[in-house]
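Student: Sharing a structure with you now.
Please treat every number below as a calculation from the coordinates, not as lab data. Computed from a prediction, not measured in an experiment: that's the story for all the values here. Please note: Cβ atoms are built from the backbone with ideal geometry, for glycine as well, and neighbour counts cover all protein chains shown.
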């Protein structure tokens, strides 16, 4: 049976110093998490954990699929959600990969904290 867990990782941009949460998925195999997408509204800090609809990824590249999911999450949750994407910058050896900052759009952000979804909600996150 396939098993997926989600957690919330807080990232801090090395350029603008903004902090933002992002959902992370871990599954028994990579295949079961391919269509799972986390998105964050940078202004509110709200996190959306969702699954791509086939119409969002069939016949589209990853960037287009992400933009379609951002629009769906933003419309449904009345926000301005951004899918957190990997950065092209390689981190120092032994560090987790960077992501592109969703606040300034140009900086690399490193993970600084991780918690369960329940802990995130208990601390006021949504």
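Student: To the nearest Å, what is the center-to-center distance of segment 47-68 and segment 89-126, using C-alpha atoms only?
Tutor: The two parts, judged by their Cα centres, are 21 Å apart.
Student: Across all directions of projection, what mean area in square nanometres is found for the Cα convex hull of segment 4-85? Mind dumping the intermediate values first?
Tutor: Numbers: hull surface 22.9 nm².
Seen from a random direction, the Cα hull of segment 4-85 projects 5.7 nm² on average.
Student: To continue, here is another question. Neighbouring Cβ atoms within 10 Å as the yardstick, rank 56, 5, 114 fewest first.
Tutor: Working: 56 20, 5 12, 114 15.
Fewest to most other Cβ atoms nearby, the residues stand as 5, 114, 56.
Student: Could you line up 82, 12, 96 from fewest to most neighbouring Cβ atoms inside 10 Å? Present the calculation step by step, with values, prior to reporting the outcome.
Tutor: Details: 82 22, 12 16, 96 12.
Ranking 82, 12, 96 by Cβ neighbours within 10 Å, fewest first, gives 96, 12, 82.
Student: Something else now. Per-residue ellipticity at 222 nm for the chain, helices alone: DSSP H runs ≥ 4 residues times -39500 (n - 2.57), over residue total, nearest 500 deg cm²/dmol?
Tutor: Working: 3 runs with 26 residues, N = 126.
Helix-only estimate at 222 nm: -5500 deg cm²/dmol.
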